[in-house]
Structure formats: structure tokens, C-alpha cells
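What follows is a single structure, written as C-alpha cells, with notes after it.
The values are calculated or read from the model by the stated rules, or taken from the named source; none is laboratory data. Remember, it's a predicted structure, so these values are computed and weren't measured experimentally. Neighbour counts are summed over all protein chains in view; Cβ atoms, including those assigned to glycine, are modelled from backbone coordinates with ideal geometry.
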Amino acid sequence: MKLQTRATLAFSLIALFCCLVTGVFISQKTLKSHREQAISFLTSINIQKKARIEQWLVNASNTLDLLASMPVFHDNFSQKLAQKEQQGIKEKQIFLQELTTLHLAPVVAQNLFTEIFILLVPQGEVLLSTDSHQVGKLMVNRDFFTRGQKQNYIENVHYSMTLMQPSMLISTPLKNGGDSSYGVLVGRLNLAKLSAIVEEHNSFWTTEDSYLVNNQNFFITEPRYGQEYMLRKTVHTHGVTEVLSGHSGASIYNDYRDVTVIGSYLYLAERNLGLLTKIDQEEFLAPNQQIQRQLVGIGFAVLLLTFFISWFFAQTLLRPLGHLVDKLNRVSGENLEYSVSSSGLYEIQQISVAFMTMLVRLKETLVSRNMLQREVEQRKSAEQQLQHALERVKQSNTELEQFAYVASHDLQEPLRMVSSYNQLLAQKYKGQLDEKADKYIHFAVDGAARMQQLIQDLLSFSRVTTKGKEFEEVDLKEIFEITKKNLELTLEENQVEITADALPVIQADAVQITQVLQNLISNAIKFRQDEAPKIHISARDVAGVWECSVRDNGIGIDEKYADRIFIIFQRLHTREEYQGTGIGLALCKRIIERHRGKIWFESELGKGSTFYFTLPQRS
Ligand code: ADP
């Protein structure tokens, strides 16, 4: 799948996910807050209705009390009634009729009561009533009569079998001024008023429904969706069960129609009634569903927008990037000559330019790498050639050494013959021939002797490598002592003052190092000045090697001869001045080099010389 497609899809999916999460979150939140709002609203309706019911009952009770306290019922009513009775039945009926018409009927006309009547104590007989059919009836065992004699009494709603309809009575005692009551004033409440309070709809919800239930689960008022349910039908919903157990609260439950509702219920403890107000869940959910639909719409719009934005970005950013990647792929396929065009977004152009710069540098690096490779190869081949040459030199060196050794060895025999016959000639014919002949014989003898010496020297020079011994640990102090012993006579003759510092143990061929020390001390004595020779030997550790030195107070050496004096048979003086063949220092150099060391000197003419040589330390 292409990068653009992938990016577009990825962005869209992310947006979809975000929309879903946000949508679910918002709708859950709104639903919850709406539910809480609805419940608190329904609860407040219940509270208001309860207050109004109480108010209605208080009004009724007060009205009845007011009536009972009127002078006509209060001042000597029993006596007046007795007088009227004495005056005759007609008089009494007129009296009672007047009372009904003047005092009770106007109260009934206010619509608070449907009927008002007076019961006589103790008979319980209806003395007078706004409903003439009730006069003369006995109601002696009824609560409103027995309890109404003592105080105000409000009877709960019940179904009146005589009236064949629901009824609710309020009673209050009638007294002649004293404590005992002569009668009970009873008012039958106009329940239409109660229904009007309970059934009144306060909210914008069309399914709002309030009703009262009594403790036998009967409807006390007509519910919105019922006809003649009042005291005819029982109800057993969750809300009703809860409220009749004395609880007040709210919940979602199925109502008397088996429709799911959100309801609030309030227990009216004094009346032992439950007041329920509810709305259909469907109506409640309707605005939420609308919000959900709106959210889906917004989500879809966001999704579409994201799709277009990501598509736009893919086109403007990723497509040129894709092209660039294609081109870079071609370049990475070793085609360094490929040129990447710098078109598209500014950043893409920058990348292209940076890449081209990198490519140029890469090319340069490759060129220098190739050059370096060639150089390395050349060096390798030069090294190989050098190695070959070295091996050849080594070989010819060995051959030469062999040759020098063999030649000097083999030359010794004929030379000895030449020398001994020359000496014989000199002995036998000295003084017998002319002076010139004696001189020539002397030259021949001397030449042969010198030649013998040279060959001896050459032989010892080549023996350094051919006859050298294995290196071992030797004490330089001991070597110094041996050397002193070897040169005992010379040292004494020349009154040499020879001293040494503490000398180390070294890794060396003891015989050869003795040779070196002996040669250097001999030279220090040989090239002395007039004063007695002073020679000092010392050694110090310099970067892991022993640097040994032999210092004298002799004639000194011009430093321009630094190299020359170490070459075989090279001398700075004639034989007449100082004896010797010029082999000594060459031999020392060869021995020290065999020990992987160096030899050199520091000197000033007339002020003595110091010869240095290095030797390996103990391993
Ligand atoms: P030889 O002693 O046989 O001449 P060497 O090889 O020992 O040969 O010395 C080479 C030359 O170096 C000597 O001829 C001499 O001129 C010079 N030389 C060596 N040692 C000393 C020294 N300690 N003081 C002055 N000159 C020296």
C-alpha cells in the first residue's frame, strides 16, 4: 500500500476513533445529567404537590373550625335546640333549615366541601346537613364521629358505600362554651380539588403523570392514562412498593401500563399515602437521541474533514516525499550520477539539496577512498619488494660474513708461511745483502705481520655473529671486575684511576660485553693526555633499557667523526701516533647491535670523551 494511502487511512481511523470516544463520552454525560435534572424536577413537583395538598387540608380544617366557632353554634346551641323542640317540630325544622341555609350552604358553595353536616352527641344522628337525604342517619361508630368529638380529625380517603363514590371527611367538635361537645361538625371534602392538585401538569413533558395511592395500593386520584381507577384499581409497581414501604426517592421502573418510566415518589406520612410523579422514558430519551444523532452528524463531518485534510497533506507532503524516496532508491542502487530534482514543498526542496550535497561529498569520499586503496596497494607492493630486498641483503650479508670468515681463516695459513719465511730471510741474510735489501726484507716482514693482525681482526669481527653465545643474565659489576683483571698491568703502568657506580644485572652475552668494556677502557687509556687517566663507568635506567657509559679525561674526539670512528679499520690517527688497526669501536658497535642496542659518544677535543651504549634489561 502506498504511503499516501496509508497516511490518509491512518489519519481517518484516528479521527474515527477520537469521534467515537468523544461521542460516547458526551452522550453518556448528557444522558446522566439529563436524568439527574429530570429526577430533581419530578421530585420538586412532588414536594410542591404535597405542600398544596397540606395547604388544601389546612384550609378545609380552618374553614370548618371557623364555622364551629360561630356564635350560633357556640352560644347555648343545645338550649336553643331544646327550646325549639318544645315550641314544636315545625319550629325546630324551620330553625334547622335556617341554620343550613344561612351558615352551612354558603360554605359548601365555596367548593371546598361537597357536604357539611352536624352529628349530635352521643346519638351520632345527623341533625342537619346540606344534603337533606342524610338527615336522621346514624353514624355513631365512625372514626370522624368518635374522634371528632375531641379534636380536629381528618379521615383518609375511602370508598363510600352509601354515596357509591370516594369520600374524605373532616370533623371538628361543637361545644357550648364548656369542654364537652354537644355535636360534631363534619365536612365532606371536595375530592375534585385534590385530583386537580395532584393531576395538574407542571412540566413540558407530555407524559408527566402524578397520582396518589393509599396503603392498600389503590389509586386515590385518577392517573393520566386511567379511567375510573380511583379506589377501583390497585397498583403494584416498583415505585408504589417503595413509597408504601415509607421510602421517598426516584428510579426507573415499569408503571401501571407496563411502560418504562422515570419516576419520583414521596411518602406522605401523616396521610399514609404515596405521591408518585413520572414521565415515560421514551419521551425523556428523545432529546438525547436527538443529541446522539447530532453527534453522529458532527462525527461524520469531522471524519470527512480529516479525510480531506489528510488526503491534502498526503498529496502535498507525502507524494513529493514518495518521489524523493524513489529517486533516492535509484541513487542507492550505486547510480551516483543520478540527479534529484528540488521541487515540491520548501522542506522537501531542502532535503533534496542536502541530499545532493551529501551525494557530491560521497562521490569525493569514494574518489579519495579509491586513491587511498591504490596507495595502500602500492605501499603493500613496495613493502613486499622491500621485504624481498631485505631478505636478499640478509642472505648476501650472511654469505659475505661466511666469505669473510672463510677467507680470513683460509688466508691465515699461507700468510703464516709468508711471514715465517720472511722472518727466516731476515734472520739469515740480515747484513749480508746491501742496505736496500735489508730494508725491503723489513718491509715484507712488517707488512706480513700487519696483514696477519688485520686478518685476526677481521676474523674476530665476523665471529661476533657467527660464534656469539645465547644471552643470559649477567652481572655487569662482575664483567667490570673481570675486565679490570684482564687489564691489570696496563692499568698499573698508566696509574689509571678507575671507578664505577652501582651496576645492574643485564641480559647479554657475557664474553662479548667484556670485549666491549675492555675495548672502551683500553681506548680511554690509549688516548690519554699527560695527566693520569681517570675512567668512570656508570649505568642508568632509561625508558626500560640500561644506558651504560664509559667516561675518560683523554684527548677527546672531534664530533664530526661521530660515524667514521665506528667503521671497521677507520682511524683518526697514524700507527706512529697511536697503535691499533681501527677494529675496536667497529667490534663494539657490532656487539651492541647484536644486543639490539645503540652505541654513540659525546666529546670535546682536549676535554675527554664519554662512550654510551644501551643494553636490554632482565626479562
Ligand atoms: P684503534 O684504537 O685501533 O685506533 P678504534 O676503533 O678503537 O681503533 O678507534 C678508532 C679511533 O677512534 C681511534 O683511532 C681514535 O682516533 C678514536 N678514539 C677511540 N677511542 C677514543 C678515546 N677514548 N679518546 C680519543 N679518541 C678515541
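Restricting attention to the stretch 267-308 and to residues that are of a type in the set (Lys, Arg) and farther than 19 Å from Thr22 by Cα, the residue that is modelled with the highest pLDDT turns out to be Lys278.
Only strands (runs of 3 or more DSSP E) wholly contained in the stretch 469-530 count here; list those with 3 or more residues that are within 21 Å of Thr614 (Cβ to Cβ). Break it down into steps so the answer makes sense when it comes.
Details: elements: 472-475, 497-500, 505-508.
Counting at least 3 such residues, we get 472-475, 505-508.
Tallying residues that are out of contact with any strand residue (DSSP E or B) (no Cβ under 6 Å at 6 or more places or on another chain), touching a residue at least 12 places away in the same chain (Cβ under 8 Å) and not acidic (Asp, Glu) within the stretch 555-571 yields 8. Within the stretch 574-601, being more than 18 Å from Val511 (Cα to Cα), within 8 Å of the ligand (Cβ to nearest atom) and either part of a helix (DSSP H, G or I) or out of contact with any Phe, Trp or Tyr (no Cβ under 8 Å at 6 or more places or on another chain) (or both) holds for Gln579, Gly580.
Scanning the stretch 448-458 finds one or more residues that are farther than 19 Å from Arg590 by Cβ, touching a helix residue (DSSP H, G or I) at 6+ places or on another chain (Cβ under 6 Å) and among the polar types (S, T, N, Q).
A single entry from Leu390, Leu386, Leu362 fulfils the requirement of being surrounded by 10 or more Cβ atoms within 10 Å (Cβ to Cβ), in contact (Cβ under 8 Å) with a residue 24 or more places away in the chain, of a type in the set (A, V, I, L, M, F, W, C) and on the phi < 0 side of the Ramachandran plot: Leu362.
Here is a yes/no grid of residues against (1) in a strand (DSSP E or B); (2) more than 55 Å from the chain's Cα centre (by Cα):
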position	(1), (2)
Glu242	no, no
His247	no, no
Ile252	yes, no
Tyr265	yes, no
Thr277	yes, yes
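Filter the stretch 279-292 for residues that are within 30 Å of Glu54 (Cβ to Cβ) and not acidic (Asp, Glu); which is farthest from the chain's Cα centre (by Cα)?
So the first thing to find is which residues in the stretch 279-292 are within 30 Å of Glu54 (Cβ to Cβ), and the list is 279-280, 283-284.
Now drop any that are not not acidic (Asp, Glu), which leaves 279, 284.
Details: Ile279: 53, Phe284: 47 Å.
Applying the filter and picking the extreme gives Ile279.
Selection of the stretch 522-534 for residues being more than 9 Å from the ligand (Cβ to nearest atom) and either among the small types (Gly, Ala, Ser) or in contact with a helix residue (DSSP H, G or I) (Cβ under 6 Å, 6 or more places away or on another chain) (or both) yields Ala532, Pro533. Asp558 meets the stated requirement of being out of contact with any Cys (no Cβ under 9 Å at 6 or more places or on another chain), at pLDDT below 95 and within 13 Å of the ligand (Cβ to nearest atom).
Against the conditions (1) touching a Ser or Thr at 6+ places or on another chain (Cβ under 9 Å); (2) under 22 Å from Arg147 (Cα atoms); (3) among the β-branched types (Val, Ile, Thr); (4) without any contact (Cβ under 8 Å) to a residue 40 or more places away in the chain, Ile118 satisfies every one except (4). Listed by first and then second residue, the pairs linking a residue in the stretch 126-155 that is more than 21 Å from Asp179 (Cβ to Cβ) to a residue that is of a type in the set (Val, Ile, Thr) and assigned to a helix (DSSP H, G or I), with Cβ atoms under 8 Å apart and 6 or more places separating them unless they lie on different chains, are Leu128/Thr100; Ser129/Thr100; Thr130/Thr100; Thr130/Val108.
Scan the stretch 570-619 for residues that are over 29 Å from Asp475 (Cα atoms) and not aromatic (Phe, Trp, Tyr) and the total you get is 15. Scanning the stretch 542-590 for residues that are β-branched (Val, Ile, Thr) and surrounded by 18 or more Cβ atoms within 10 Å (Cβ to Cβ), we see that the one that is nearest to the chain's Cα centre (by Cα) is Val550. Kindly check whether there is at least one residue in the stretch 563-570 that is within 7 Å of the ligand (Cβ to nearest atom) and not acidic (Asp, Glu). Within the stretch 563-570, one or more residues are within 7 Å of the ligand (Cβ to nearest atom) and not acidic (Asp, Glu).
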